Structures are given as structure tokens and as C-alpha cells.
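S.K.: Let me give you the structure first, and then I'll get to my questions.
The values are calculated or read from the model by the stated rules, or taken from the named source; none is laboratory data. These numbers were taken from a predicted model, which means no experiment stands behind them. When we count neighbours, we look across all protein chains shown, and the Cβ atoms used for this are built from the backbone with ideal geometry, even at glycine.
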Amino acid sequence: MTTLVQQVTRGVLLALILCGVSAIAEEEADDMAEVMRLPDDVMARFSPDSKIPRRGTVDPARLVRAEGWEWDHEVRVYLPASYHHTDRAYPTLWVTDNSLELMQAALTGDAIGFAPELIVVAVGAPGDTNAAEFQRRRSYEFIPDKSLMGPMFAPMPAEALGGAPGFLDFLVNQLRPMLAEEYRMDLDDQGYAGHSGGGQFGLYVLLNKPESFDKYIISSPAAYQPWLDMEERWHENNKDLKAKVFLSAGEAEAAHPVWSGSQIVSTVATMAERLTVRGYPSLELTVKIFPDEDHLTVMPIAYTRGIRALWGM
């Protein structure tokens, strides 16, 4: 990239930051430009000759059926803007509930160095699935056997739960190897993200087979006692828990009859306390209660902040 292009690019970035400022000393502007200098590979993307687009791409959706399952899962893959212009492997983030659009929004700026570049694999019911069927499927897939889940799940039929081990096997042992043959995934940097029931599934995986993923975004899980019990069993046999975890909920979930009754904020609080007190040497834990956010509005915030906490930026 020419010096002129670099200067123009830095000037544009400064203008975006300083828009509305009436005056700034010339030497201060020069200092800020130097401090704000982006890595050369990112700066190169502002060159008129750059072939890298300003945003990533989504490959065509595919339907994949887990072994023993009665329904297909829709699988959608987001590739960062630079993917087709490099030969490197990329960290991969797996998100449940087929929430690809939320992840794309959370990664805004990835093409110009303001968010990490990740492959995203969204897995869940197809978009034309109605609400009742969507909830039926996720209740089965996210929750382990009813015998492990305590009184909150007592009203539910046993056959409506219990799919969590099989769903984890699908993600890690069936779908991941298949996609890893097709895409350049960094298999040493695999993340998981899930909200609500997906957050509960995240706790299930973290407290039973934490090696399944390297990083976890666990948003607004419910029903704290089963997860405390699982952690107790894990700790009896393991003195470490190797993972980077972003655990969060919305403050307003504590003041809503449904979400409060589901113990969402208390689940995050009690799990955070338990994991902190254990002092697992390899556990990196970040905990957030987002002011004013409820069970729905907190979801994009949890994903955006979780990505930045676990992958930097």
C-alpha cells in the first residue's frame, strides 16, 4: 500500500472518530493517528487494489440429520471476508437455535479489523419451523435426562427431555469432522454460544465434557440446582476445568415473573460464585449482568460482548 493511501485511510478513520469535534491541535491529531494505526494486513484492505470484500459471506444452507434423530437440522456457515483470500485456518464459533443473523451482527467490523474474524456455524431448526415445534425440538436437544434436572422439570414428560448427550455428539463427532473437511477451521480454537435453553446446554457441556469446546458464551441459563449438582460431580473427580467462559444474564430478567421464576439471574450468580470459589487453575471466567436488559434484548448484547471478551478486540 502506498504512503498516500495509508495517510488517506488513517485520515478517514480519524474523521469517523472525531466527527463533531470543533477543533483539535495538529500535533494531537498526528499522535492519535499513530496510536490508531491498524495492522498492515488490515490497512491493506483499504487499498483501492484490495480484493477483500467489506463483509463476509454465508454459504447455502444444508439439512443434516443427527444419528438417531427424527428431524433434520439446518446448518448455515458464515465465512469471514478474508476467507477466500487467504489459506489460514480460522477460529470457529458454533451457535445454537440457528441464530446466524445475530452472530453476523455481533461480528460487525470484522472485515476491517474491529471484530475478530471467525467462521460461524449456526445449527437449529429451519426457519419455517413453527414456534411450538421449535420449542419441542430445543427442549429435547438442550436438556439431559429428566432424572438429572430436579423439580423445575418435573411436569415435563420424560420423553420430552434427554437429548443433550446425543446433540453434543452430533455437533462434535458428526458435524464438526464433516465441516472441517470442507472449511479451514482452527480445531484448536472452537467456541460455543447459546442463549436460554442453549445456555443450559452450554452449562451441561462445560460441566460434563468441557474439552468439547475451548470457549463458551453462556447466556441466560435457568434452573441453577442441576448445574450446581453437575459441577459438584465434576469437582469430585477433576481439580481443573480448562475453558474460557463468558457467563451473563439481563438485569430485567430478575423482575419478570417468567424469567424470575426460571431462576435465570440466580443461575448466573450461583454458578459464577461456585466456579470462582473453586479456583480452577485453567478456567478463565467473565461474568456480566447487563443493566435494563430482559430475556430477549440481552441476547445480541451477550453475543457481541462475549465474542470480544473471548477473542479480544
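S.K.: Go through segment 242-264 and give me each residue that's in contact with a helix residue (DSSP H, G or I) (Cβ under 6 Å, 6 or more places away or on another chain) and under 14 Å from residue 296 (Cα atoms).
M.R.: Correct list: 248, 249, 250, 253, 254, 259, 260, 264.
S.K.: A follow-up question, please. Need pairs with beta-carbon distance below 7 Å; first residue in the same structural domain as residue 121 (by TED's automatic domain parsing) and more than 17 Å from residue 142 (Cβ to Cβ) and within segment 172-194, second assigned to a helix (DSSP H, G or I) and small (Gly, Ala, Ser); sequence gap 6+ or separate chains.
M.R.: That search, which allows pairs on different chains as well, returns 187/180.
S.K.: If I filter segment 135-156 for residues that are in a helix (DSSP H, G or I), in the same structural domain as residue 72 (by TED's automatic domain parsing), closer than 21 Å to residue 61 by Cβ and within 15 Å of the chain's Cα centre (by Cα), do I get at least one hit?
M.R.: no
S.K.: Given the options 307, 217, name the one that is under 27 Å from residue 113 (Cβ atoms), part of a helix (DSSP H, G or I) and either free of Cβ contacts under 8 Å to residues at least 40 places away in the same chain or of a type outside the set (Ser, Thr, Tyr) (or both).
M.R.: 307
S.K.: What are the residues in segment 81-98 that are assigned to a loop (DSSP other than H, G, I, E, B), under 15 Å from the mean Cα position of the chain (by Cα) and either of a type outside the set (Ser, Thr, Tyr) or over 27 Å from residue 138 (Cβ atoms) (or both), if any?
M.R.: Within segment 81-98, 97, 98 meet the criteria.
S.K.: Just need a number here: residues in segment 51-102 that are basic (Lys, Arg) and closer than 26 Å to residue 201 by Cβ.
M.R.: Number satisfying all stated conditions: 3.
Condition check ((1) of a type in the set (D, E, K, R); (2) touching a helix residue (DSSP H, G or I) at 6+ places or on another chain (Cβ under 8 Å); (3) modelled with pLDDT of 95 or more) across all residues:
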position	(1), (2), (3)
50	no, yes, no
56	no, yes, no
65	yes, no, yes
71	no, yes, yes
77	no, yes, yes
85	no, no, no
98	no, no, yes
